[in-house]
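The values are calculated or read from the model by the stated rules, or taken from the named source; none is laboratory data. The structure presented is a predicted model; accordingly, all values stated were derived computationally and were not measured. In this analysis, Cβ positions are derived from the backbone assuming ideal geometry, glycine residues included, and neighbour counts consider all displayed protein chains. In case anyone asks, the SASA skips ligands and DNA or RNA and just uses the protein heavy atoms, side chains included. Shrake-Rupley method; radii C 1.70, N 1.55, O 1.52, S 1.80 Å.
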Amino acid sequence: MIKRLFCTINKNKIINEPPKPSIIKDTIYNLSSGVGKSGVAIIRVSGPQAETVIRKLIKKNDVDNNDNNNNNNNNNNKNNKNEEIKSRYATLSTFYHPKTNEQLDKGMFIWFPSPNSFTGEDVVEFHIHGGRAVIYETMEAIGSIEGTRPSEQGEFTKRAFENGKMDLTQVEGLSDLLDASTSFQKKIALKQMQGSISEFYLSLRKDLIRASAYMEAFIDFGDDAELDPEIVDQSRNRIISIRDKIQQHLNDGKRGERLRDGANIAIVGPPNAGKSSLINLLTNRKASIVSPIAGTTRDIVEVILDIDGYPVIIGDTAGLRNSTNDQIEIQGIEMAKDRFNNSDIKLFLFDSFHLFNQLNQLQNLNSTFNFNEEIKNLFNYIDNETIIIFNKSDLLKQFNNLEEWEILKLNFLDNIKKLNNLNSIQSIEISCNNNDNIKNLLNLLKLNLKNLFEIQDKESPLLTRLRYKQHLSDCVESLDRYLYYCEHDIVLASEELRSAILSISEITHSVNIDDLLDIIFKDFCIGK
């Protein structure tokens, strides 16, 4: 027998009343401006209690309202509960602790009622003085109000996503914008945050859905509605075009990865060519030891640079030579070779004065060189991504060897092109000692970096995340299977088309969302 328990009712009053329900969705707050002493600090509050926080921290008679010059209404000034707070309006006010009524600061607040706010919830921003004590006491005062708590990392942005204010690619664009250290990174991140990638992928998804609709119509109504079988062929042609567009987008030459991580540049060459001097010049500081003793640099000395807005990781390497028995130096040379082979741009330095003397001895009557093995080994590293730099040009000028050097240099470069089957070679003369032609070298680097980072198709955005590439690859594989099944089984072909749509949809709205969100938001700052 099942017994039912009922509450005892006495004069419409329930005995043993349940506890009052807590606020369903708590209100978060945190410092949104930079940590530390500053002129102005911004504390953001988001959630259902945001308006309550305003009213608890201000007194109506202390609010400076320029639109209200009527000071005769004392009754309204005593009670601010029903007083309307102007939205999206900077209001000057004195802030008080809601428990002690102690003055906290005098500053401004801006009220953003839902849904027209960053998070889509009610939001208020307090603009206060940036002293540590002011920030701490204001945060403590907000935290004393029921239903509020400090935000977790990226929680404001997470709520914006959950409330449909941003999709995943825009969230990731915002993350990249916060991390951007160069102007080009900022430019691309800003575009992504404003929806450039979303628009591109949603357009592809829309085209796939349209093609899929034709397929579904043919499967469901082909016989009854007397639909033309050519519908399948038309759909197939559309899919081929979409697949080719996605494949072209995937073949971006790792531009997006370089944008996030930086382009790798290696400085290599024989010992004492001036590699360490060059990296010191490019960084405007003593990043690497400069010494006339061969083999000084052993490890790779890396420096992060911003060259014309492009992020760059430049590495000074050990001098390349065969005649050494130093085991540590040999390991350094192997590291230099590996770094050179895996770099996006390779700067190969020669000591032009030393090379001039060598070439004079090696050149025969036919303007060809009988290169020794050591020089031939150096040639093996020169390819189409290599810029040959002839350093110490000041010594050539000092000994008046410029005319003879020019002839030897051109023959030297021509020999390298023939030996390595190169169409062209980039080269430049500099002097690290006198700073000669360094500006032109930087211009040459800028040109090469522009070719590395920027794409010709302006409509196709950069693949800035590995997961975009994975989803797009899955989409292409499904489309390839669709094209195969089109000739054999129209129902299976339609299923593959649905799979392709799902793959591309996950870029902006992932199906397995919780795990992905944890990864995305863990790198955000607390107040974002």
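Would you confirm, using the coordinates I've provided, whether residue 95 is of a type in the set (Phe, Trp, Tyr), in a strand (DSSP E or B) and surrounded by 14 or more Cβ atoms within 10 Å (Cβ to Cβ)?
Yes, satisfied.
For the stretch 142-161, which residues satisfy the criterion of being part of a helix (DSSP H, G or I) and loosely packed, with under 15 Cβ neighbours inside 10 Å?
143
Which ones in the stretch 166-191 are open to solvent by 40 Å² or more (accessible area, probe 1.4 Å) and among the hydrophobic types (A, V, I, L, M, F, W, C)?
177, 178, 190
Please verify whether the stretch 184-192 includes one or more residues that are assigned to a loop (DSSP other than H, G, I, E, B), modelled with pLDDT of 90 or more and not polar (S, T, N, Q).
No.
Output the number of the condition that residue 89 fails; it satisfies all remaining conditions of (1) crowded, with 17+ Cβ neighbours inside 10 Å; (2) at pLDDT 90 or above.
(1)
On the given criteria, is residue 505 surrounded by fewer than 20 Cβ atoms within 10 Å (Cβ to Cβ), more than 20 Å from residue 210 (Cα to Cα), modelled with pLDDT of 85 or more and small (Gly, Ala, Ser)?
no
Has the stretch 286-305 got at least one residue that is modelled with pLDDT of 65 or more and assigned to a loop (DSSP other than H, G, I, E, B)?
yes
Say whether the condition of being in a helix (DSSP H, G or I), touching an Asp or Glu at 6+ places or on another chain (Cβ under 9 Å) and polar (S, T, N, Q) is met by at least one residue in the stretch 464-477.
no
Hey, could you check the stretch 392-427 for residues that are open to solvent by 20 Å² or more (accessible area, probe 1.4 Å) and β-branched (Val, Ile, Thr) and say which is nearest to residue 266 (Cα to Cα)?
425
Looking only at the stretch 439-486, filter to residues that are at pLDDT below 90 and of a type in the set (A, V, I, L, M, F, W, C); which one of those is farthest from residue 502 (Cα to Cα)?
The residue in question is 452.
As an exercise: evaluate residue 253 against (1) at pLDDT 90 or above; (2) small (Gly, Ala, Ser); (3) out of contact with any Asp or Glu (no Cβ under 6 Å at 6 or more places or on another chain) and give the number of the one condition it does not meet.
So residue 253 meets the others, but not (1).
Please work out if residue 389 is surrounded by 18 or more Cβ atoms within 10 Å (Cβ to Cβ), farther than 16 Å from residue 356 by Cβ, in contact with a helix residue (DSSP H, G or I) (Cβ under 8 Å, 6 or more places away or on another chain) and in contact (Cβ under 8 Å) with a residue 24 or more places away in the chain.
no
I need the full set of residues from the stretch 343-363 which are at pLDDT below 80 and open to solvent by less than 50 Å² (accessible area, probe 1.4 Å), in order please.
Selection gives 359, 362.
State which residue is farthest from residue 347 (Cα to Cα) when the search covers only the stretch 467-489 and only residues that are touching a residue at least 40 places away in the same chain (Cβ under 8 Å) and out of contact with any helix residue (DSSP H, G or I) (no Cβ under 6 Å at 6 or more places or on another chain).
Checking each candidate, the answer is 483.
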